[in-house]
Structure formats: structure tokens, C-alpha cells
Amino acid sequence: MIIPFTNTLMEELDKQISHVETFNLDIITKSQRLSLICKRAVDDLKFHIHSHGFKNTNEEIHFFKNLKPYFLSKLYYYDKVYKIEINIGISDSKAQIKYFKDELRKVNNFCQNKKEIWTYYSKGKTDRDSQYFTRGNYGLSQDTDFDATFIDPSFASLHGKTIARLRGSRDLIVYLNQRIKGIKSSPEISRTEPFSLTFNGTPAEAIELGYALYKSKKVDNDIKQIITALSDLFGIDLKNFYQYFSNMKARKGERAKFMQLLKSSFENALDED
């Protein structure tokens, strides 16, 4: 039976999401972690369907219309948040607001273009269920926003992932509006008379410093604000800071090289007469 399995999987997914939400993580790390958790849940769902199938057409329709979209909508949402945040780079408040408004416009346009199928779904109509929510008609769909991993005719219906994306888009619209509101209410780092220092290190070392300040809570700002300030202060381009940080995490041996250099240099200064 598909329903007992999906109910258990839903509960487990919700628990994992709630658990990650309790951590004090920056939005990029959090959304990436939650995206991976949701992808594993979708993979488990896919394996179960391939192993057990459906007992009848009604169960298949219920799965693609109501059950699978629950999981896929969360994957869509967290994956989009991650991609939106990682691509914003370093920019001033006005540029950030424009960026988020552009993303909001894209989401709203998609929802408007899919208004007919959302009306069908939200009003509980059923007359086209066999066409919309059973396998066999998938090739007619033009919605390719999801990763190619999920383009599998044996695990997809014509509008199942459209419904999932529409559900996820509703949460994404709320998120984007909150981001815009948050930026508007935050004082912008002044850029009118920039003061800079000559930094002889590498961008990776500046980013290492930024994350150390952020994680130690010695600077009461988020990681993007800290990196932006260091970028201005040192006059260097740090817009790909998250990729740099990901590379640091994969280092072999001593990963905090710059922090160790600073520690050693400071200790030497203390020993000098």
C-alpha cells in the first residue's frame, strides 16, 4: 500500500526539516542541506513505486495528484532558495532588491501561466485526472524546471510536477517578499566614501577571515554582510565566496591555514621585546 509508506515518509521528512531549522545556519548552507534531504526522500519514494507499483488507477492518480507533489514541492522550494541565494553575489541593497524582485516576477509569471491547472487542482476537480495524473502522457509536458534526475516517464505524470512547482512557488513568493522587506528595513553599508586597506592575501584567505568572524559571533551581521564589508575594505572581489568556502571544506590536511598563520603571527608579536 502506497499511503502508509508515504505517510511515514512525510512524517520523517518533516522531522528532518524541523531539526535542520533549529540550527543556526546561514541560508545558503541551510537550503542546500534541506534540498539534499528532500531529494533523498524523493529517491526513496521513487524506489518504492518502482518496487511495488500501484494496485489500481485510482491509487496512481492519488499518488501523482496529492502525494508526490508534497515531496517534490519541498525539493523545488529549497533548491530554488539555494540557487537564488548563491547567485546573488556581492551587491548593494538596491541591486539586491532588484534581483529579488526579478526572481519574484519570474515565479509570479509561472503561476499566472499555470493558472488553469492550479484552478483545476485547487477546486478539487476530477474529470481530467486520468489525463493529468497517470503515466503515459508525460511527454506532453513542457515544464522542465526540475533537475533531469526526475524526468522519468515511469515516475511522472503530465501535471504532477506542475502541481508540485505551483505549491512550492507559493512558499517561494512568501520567502522572496520577506527578503525584499528585510533588505528595505536594514541600514545599507555605506559606499559613498569607501575606505580600503591593502590586503596582500588571497580571496580565499579573506573569506576564511569572514567566516571566522561570522561563526565566532564576534560580528553581529550575516555572512553576506561580513563578506561585503571585507570586499569593500580590502578592495577585492569576493562575490564567489560560497564556492571558495565549499572548496575549503574539501581541503586535505590543515583546512584553516590562514587562521593558523594569524595565530602564529600574533604569538610571535607577543614574544617580541
(request) Answer yes or no as to whether residue 14 is surrounded by fewer than 20 Cβ atoms within 10 Å (Cβ to Cβ) and assigned to a helix (DSSP H, G or I). (result) yes
(message) Criterion first (basic (Lys, Arg) and farther than 21 Å from residue 163 by Cβ) does residue 115 satisfy it?
(response) no
(request) Check residue 29 against each of (1) at pLDDT 95 or above; (2) among the polar types (S, T, N, Q); (3) surrounded by 12 or more Cβ atoms within 10 Å (Cβ to Cβ) and name the one condition it does not meet. (result) (1)
(message) I'd like to check which helices (runs of 4 or more DSSP H) are fully inside the range 173-273 and have at least 3 residues that are out of contact with any Ser or Thr (no Cβ under 9 Å at 6 or more places or on another chain) and either closer than 21 Å to residue 26 by Cα or of a type in the set (Phe, Trp, Tyr) (or both).
(response) 203-216, 223-234, 241-249
(message) Could you check the range 211-248 and list, in sequence order, the residues that are more than 11 Å from residue 90 (Cβ to Cβ) and of a type in the set (Gly, Ala, Ser)?
(response) 212, 216, 235, 246
(request) For residue 91, indicate whether it is surrounded by fewer than 19 Cβ atoms within 10 Å (Cβ to Cβ), of a type in the set (Ser, Thr, Tyr) and either farther than 20 Å from residue 159 by Cα or under 15 Å from the mean Cα position of the chain (by Cα) (or both). (result) yes
(message) Step by step: first the residues of the range 94-142, then only those that are hydrophobic (A, V, I, L, M, F, W, C) and farther than 21 Å from residue 62 by Cα, then the one that is surrounded by the fewest Cβ atoms within 10 Å (Cβ to Cβ). Which residue is that?
(response) 95
(message) Here is a list: 39, 106, 98. Which entry is modelled with pLDDT under 95, assigned to a helix (DSSP H, G or I) and under 20 Å from the mean Cα position of the chain (by Cα)?
(response) 98
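The values are calculated or read from the model by the stated rules, or taken from the named source; none is laboratory data. None of the values given here were measured: they were computed from a predicted structure. FYI the Cβ positions are ideal-geometry reconstructions off the backbone, even for glycines, and counts take in every protein chain you see.
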